[in-house]
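FYI, it's all coordinate maths here, none of it is from the lab. These numbers were taken from a predicted model, which means no experiment stands behind them. No Cβ is skipped: glycine too gets one built from the backbone with ideal geometry, and neighbour counts run over all protein chains shown.
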Amino acid sequence: MTDDEANSTQNALVSSKTIDINAGVNLDTVMADPSRVELLPKLVGLGSVEFVDSHCHLEEVLQLFRRYTVAPSLNKVLNLLSLEEKRHWRTLGWLDSDSDCLEEAGVDNVQDETYRNSNMFYNQVASQSEGSDPGKSIWMYVWYDMTSVQQEAAASLGWDANSWNSNQWPLPKDISWSNLTAEMQQHLEILGENARSWDNRHSQGESTTTKKKKKKKKNKVIVNEQRPWWQLALDEKQAAAALGFTQDTWNATELADVNEVIGRYFRPEFVACVTQGCSEDSIPYAQKLALAHDKVYVSFGCHPKAAWQYNDRLEEKLLTAAKACGKKTVAWGEFGLDYAHDYYGKLAQNRRAQKEVFARQLELAINNNFPLVLHVREAEHDTLRMLHSWVPRDWRIHLHSLRTSIMFLDTVLKGWTNAFVGFSGLIAMADAQVERMCQHCPLDRILIETDGPYLQLTGTNFSHPGHVPHIAVKIAKIKGCDPCEVLRASRANAFLMYGI
């Protein structure tokens with residue numbers, strides 16, 4: 001393919017707008033990083049160690065950067081929304097409340113589990129005592145903004161960084177101040193509580209019937225919006241527009257500028273990322289981004305959840321994109337087997353389809369000398385069987401964001417000398433299985449990935465390549481080594497796996 005043909009193909013594949021991240025936005029309302037990286041621990045002592053994000057979905061990251069920038073209310077804690085913003089959220093169905101308790105300052109101003117766990121739209125929330133000064137309330141702080149004395153007091157009451165930042169409440173809610181132990185009172189006083197504020201917050205001495213009558217309805221918050229613009233009613237479109245959305249930003253077809261985001265948010269030590277073109281929709285985005293920036297590389301393939309789409313036409317589309325990107329195409333994937341999903345993995349016919357597509361792609365990747373980016377979820381037996389049948393023992397393999405048994409981990413690492421294991425934000429989610437894997441996996445077989453914008457670290461709105469050092473810190477803590485050592489090992493492994 002000539003340069004002119006490549007440029008023509010690239011232009012034809014542009015299916016979304018790419019614009020200045022702050023175009024048409026009041027800069028006073030834009031946070032330093034829309035992912036809310038400021039809620040993560042401060043990085044200390046990492047120096048200038050280079051790093052690679054070995055697996056992300058960069059077009060979705062850029063869509064969210066743009067979305068959070070044009071609609072700044074998405075960045076706010078719930079009880080800091082203006083009255084107008086709350087009205088618009090209610091119109092859109094993001095707030096479901098029959099009461100006006102959001103306009104009050106009581107403890108019920110807290111998102112329920114649906115909001116706290118909603119994918120990519122996490123917001124840290126704290127409750128505020130009646131009559132307290134919101135500028136001084138400890139409940140408005142994140143863990144790493146507290147003093148060491150405050151952290152010690154909170155830890156004595158049952159909190160750690162994760163439970164505090166995720167707004168978990170380990171203390172009794174139906175007991176008066178006078179019935180707390182002296183030690184608990186002392187720790188709470190360090191956190192700014194007193195008898196009046198505590199008793200105002202908790203109903204005590206009431207019968208169960210009275211409590212039920214007085215109990216306010218919780219505010220159900222759901223902002224993981226999936227509806228396309230055309231499905232919105234007129235008043236919903238008006239509310240969305242008032243919050244800052246356009247049709248393109250609502251539909252996530254408008255991307256922030258890749259050059260600006262990388263230069264501004266991914267840290268100076270960032271040297272590369274591998275974005276995925278693993279579905280029909282993501283192929284043109286991945287191709288465009290790989291050709292647009294020298295630090296963006298790409299892997300093409302068919303995700304197991306899209307196996308039903310795989311046919312000759314899609315395969316040709318993947319190969320054409322891979323060839324158009326030339327040396328920027330560094331692998332085939334992500335592809336593999338996923339039996340964890342209720343629909344895609346539990347039904348026998350879907351498993352058969354996945355295995356057929358997996359075998360076809362394995363053959364294609366080996367024949368074209370592509371390293372493999374594998375997605376394996378609750379399909380270890382079939383994965384091993386098919387790897388043994390198709391893949392040479394010295395082939396380069398990236399087991400993306402793997403969560404599996406030590407037995408499977410050992411089998412792959414011993415069976416394939418150039419196999420690497422990707423550790424993502426899962427490592428920071430108190431997942432005992434992933435932590436055991438991390439302890440067991442040698443540093444020279446570890447890759448760090450964000451899977452951005454997914455698997456976000458606690459307290460952030462979404463993940464992106466700039467979060468790699470934070471994952472390295474967690475890996476280092478689990479393995480009992482220096483974070484710089486982890487970053488250097490992962491960087492070297494990324495070169496061995498991808499040549500970048």
* Structure fact -> Heads up, the stretch 367-492 by the C-alpha gyration tensor (a ≥ b ≥ c square roots of eigenvalues; a/c under 1.5 rounded, else a/b over b/c prolate, else oblate) looks prolate
* Cβ-based net charge around M386, under 14 Å, with every Lys or Arg adding one and every Asp or Glu removing one -> 0
* Measure off 7 Å from each Cα along the Cα-to-Cβ vector at W308 and D160, then give the distance between these two points in nanometres to one decimal. => 4.1
* To do: Could you please rank T404, T275, T147, placing first whichever residue has the fewest other Cβ atoms within 10 Å of its Cβ?
  => T147, T404, T275
* **Residue-count net charge about E183 - beta-carbon cut-off 13 Å; Lys, Arg +1, Asp, Glu -1** => -2
* Calculate, in nm to one decimal, what R488 and K323 gain on full extension: separation in residues at 0.36 nm each, minus their alpha carbon distance. => 56.3 nm
* Asked: How would you rank L319, L457, going from fewest to most other Cβ atoms within 10 Å of each one's own Cβ?
  -> L319, L457
* Structure fact -> Proxy exposure order for M386, M497 (fewest C-beta within 10 Å first) is M386, M497
